[in-house]
1. Could you compute the FRET efficiency for residue 8 and residue 370, with r as their C-beta to C-beta distance and R0 at 56 Å, rounded to 0.05?
2. Stick to the Cα atoms of region 391-454, pair each with every other, and give me the Kirkwood hydrodynamic radius in Å at one decimal.
3. Can you compute the FRET efficiency between residue 539 and residue 609 using 1/(1 + (r/R0)^6), with r the Cβ-Cβ distance and R0 = 30 Å? Round to the nearest 0.05.
4. Apply the Karplus parameterisation 6.51 cos²θ - 1.76 cosθ + 1.60, with θ equal to phi minus 60°, to every residue of region 245-258 and state each ³J(HN,Hα) to the nearest whole Hz, in sequence, with x for glycine and proline.
5. Could you tell me what % of all Cα pairs in region 20-61 have separations over 16 Å?
6. Ranked highest first by average number of other Cβ atoms within 10 Å, how do 531-540, 194-203, 597-606 line up?
7. Given points 7 Å out from each Cα along the Cα-Cβ axis, report the residue 379 to residue 172 separation in nanometres with one decimal.
8. How much of the pair distance distribution for region 3-98 lies past 19 Å, counting alpha-carbon pairs only, in percent?
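What follows is calculated from the coordinates using simple rules that are stated; it is not laboratory data. Please read all numbers here as calculations on a predicted model, not as lab measurements. Backbone-built Cβ (ideal geometry, glycine too); neighbour counts: all protein chains shown.
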Amino acid sequence: EHCVGSSMQRVFEDLRRWKSKILREQGDAGLRQNLMLGSVPQRGGPSQGLLGMLEHIRVVDRQASLDYRFRVWKMLERKVNEFKDEEEKEYVINPNDLESFVRELLGGQLWWGAMSEFLYKIGFPIDKELPPGQNEQPATRSNILPRATVRLEFEKFSGVMKNGGFLPKDKIFDFLRELTRADSTDGGFGRIWKSLMIKLMQKLQICGQVNVDNAGSAKSKKSKGLSKNDQQAESLADLAVYEWPRWLKQAWGSKAKAWRHKDDTTSDEMKPFMPKSELYAFLQEVAFNTADQQQDTRDFEGVKVDDDYDNWRKVKDRDGYTSSIWSLRGKVLMELRGVWQECFFHILDKMSNPVTDRQKGLLLFEICRQDQQKYLSEHPMDPAIAKVEREGLVHVNFLFFWLRKNLVQNSGECSLEVLQKVLERCELTLPRIVVTSLYHSARPTENFQESWPLRKVSDLEDRIVMYLVKGLPAEACESLIFDVISVPSLQDISKAELKHTFRSIDNKLGTNGFLEPREIKALIVHLGQAGMNYNQVLVALKRLGCDFPEKQVKEAFLLLDTSGDDLMDMPEFLGLMDYIIVRLIPQEILRVMGLEPQQVVLRLIFAVLTLMAVFLFIFVSLGAFHVEIEMSSQSSASGASMVRAGLALLAVVALKRDASEEDEERFFKNARERLYAMMGVTHSQIDARRRAMGISLGSIGRPGGLAAGSKGPGKFKMPKGKGGGDDDGDDDGGDDD
């Protein structure tokens, strides 16, 4: 009801206009008279009351049969009886409840007006609705069902008859199946009609565009006065009235089944529907000349098209050119009928001359056909091409010569794809948007009346030269660096690094595809600067064994690249190393050992909770003992309790103190292990280094001294043989007894 342009919306618009007109012309009394049930409809007589109102708002067709109108009248009788006011004795609807009555009557159901509009929109072969007052005429196009015939089918459908003249929306597919005379092999909604077949052929790209823009004539007369979008729209309703050429009509007639109204035995049979079981045979007859098929393939002179299409054969004429193409289907060879529009578009696409606009592509196909007609006028003794021309297609042999003339040998014009490939062959890299802009700014060709998006090569040459006068593209800069300047410090630069630097400089002032002189200077200065980029820094750290997250290294690189040139010179690199040693290494160690601020806070909370539990345990334990001391005052008893609590607390602290040294040892051990892992070294390498430096293998680096052994922190052991000292750590200077 609230959908713009829907049948329900139009019903309520007509209902409001009808109500306003009756009130204006007949008053309240006249409106009440028109809202009464009225008498039983009679043959030939006008409908009265509510039934007449439904005819006026086009819910009931004025040409409906008497039996159908009687069923609708009986439905209205039941609905009015349910809907009228309790104190009302007559069968009449309150004017204030009129819209609610119609809404409930039509809710979830289709009446004939809505059903006919639905059929028209899905391209069903039915005559279009005529203006009011105009009598129906027989269908003027082949296989188009008369509107009156379809209406009779609707009125006599079992789902409509059982529901008071209206079709429930869940019975639409059942109605289509019965209307198309479908059987069990035709699926859920029935057989195929022509507009659906055209859409299927377009989807499969098999003759789906043949004569599609010619609805009975060169240009559809109904398109006059419509917008451009409406003229180009190919709805199913438009496809239903398109006229096929004679050979397509014959193919349809050979596979479609005869149809006739159940009660009509005098009219001619029509063939508007095709069983789905005949789809493959129909498409095969459309694509191939089934009349020219060969059963015996032993003497066939064709050769394979290629290894990928080994079931396709081509026959060459005496000059060595392809004259026909055949397909081997089982044991039967069938000749390809010709080149239709979709094949034409695909061939152009494979030759890097695609057709982006379908309408222009169809116009180009017609130009090719016109050239084929000119060829036939000069060579009338070519029956093969004449036959294909009559079918609205292009012969394979003629298309070969036409493409060779207009594409291969036409060096004065080219497409956008060809221009891009030429620039790639010339090693001239320009952004795609630049190439596209240069192409579309060039002068179009005049040979094909703008139906083919080609541009003049001479104009493109001038525009590319004028564009590149301002600077050098990437390949020219590469030649300048490696061949012209020949600076030793620039010879070790890779081409990938040069292209990356070129793009970074080009993107700063807009992507143009070339560098101006001042940008070329910046390129050379940037390449000549000593330093390491981010990737080189990352590789260097990994080679040093420093396994840091790339995100942290990236942040450090951006933080310490003070010059903003994306390079690390020596001072910046030293600062990066300081940052890694001072910030990243401690952070990583603390993270692994669980000593980050968040982790420390959690540990402190856990420690506080543990102490509270210990104090609670001590308090409960002391309360469980009742020490009876005779002749003691209350103060002495409380003092004794405090003494016991203090002793217990000292015991806990002592236990904690004993465990602290073990925790400290474990802490330094974990820190040392993580530091070794980050630096990529092992214990054996550290021991070998210590032996080389003359340090004891038992030394363990800790704060407070160079080495710390079992004698506690801050102790240093002199190595054997050094300074005449012994190895026991005493200071008597003698031997170790």
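1. 0.70
2. Hydrodynamic radius (Kirkwood, Cα pairs) of region 391-454 is 13.6 Å.
3. In this case the efficiency is close to 0.05.
4. In residue order, the calculated couplings are x, 4, 5, 6, 4, 5, 5, 5, x, 6, 10, 6, 9, 5 Hz.
5. Counting pairs separated by more than 16 Å, the tail of P(r) holds 37 percent.
6. Ranked by mean Cβ neighbours within 10 Å, highest first: 194-203, 531-540, 597-606.
7. For residue 379 paired with residue 172, the spin-label model returns 5.4 nm.
8. Result: 43 percent of Cα pairs exceed 19 Å.
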